[in-house]
Amino acid sequence: MYGRSVSTTGNARHFYTPDRKGLFPGYPPTGVRHLLITESIIDTVTLQQHLVLPDDTFVLSAYG
């Protein structure tokens, strides 16, 4: 799980669960020719929800 603060005060802007591992949503499957790397999980999910991606394209989050 991941969260992001909408408050502009304080230092806590990103919230992650403890012991997080790996990449979101995971390593690209074999056969991927185009890899879109985003800054955050929210960006990745937004692209996945609003774009129709070809089978050889994958979106991966770099965790900002």
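For THR9, THR17, THR30, THR44, the ranking by accessible surface with the largest value first comes to THR30, THR9, THR17, THR44, using a 1.4 Å probe. Computing Rg and the Kirkwood Rh from the Cα coordinates of the chain gives a ratio, Rg/Rh, of 1.04. A cut-off of 5 Å between modelled amide H atoms, ignoring neighbours fewer than 5 places along the same chain, links LEU36 with PHE58, VAL59, LEU60. Compared with the dominant principal axis of the Cα atoms in the chain, helix 41-50 is inclined by about 50°. Calculate what fraction, in whole %, of the accessible area of the chain sits on carbon and sulfur atoms when a 1.4 Å probe is rolled over the protein chains. Of the solvent-accessible surface of the chain, carbon and sulfur hold 55 percent. The slack in the chain from LEU53 to SER40, taken as 0.36 nm per residue of separation less the alpha-carbon distance, amounts to 2.8 nm.
The values are calculated or read from the model by the stated rules, or taken from the named source; none is laboratory data. All figures in this text were calculated on a predicted structure; none of them were measured in a lab. Areas reflect the complete protein model, heavy atoms only, side chains present, ligands, DNA and RNA absent. Shrake-Rupley method; radii C 1.70, N 1.55, O 1.52, S 1.80 Å.
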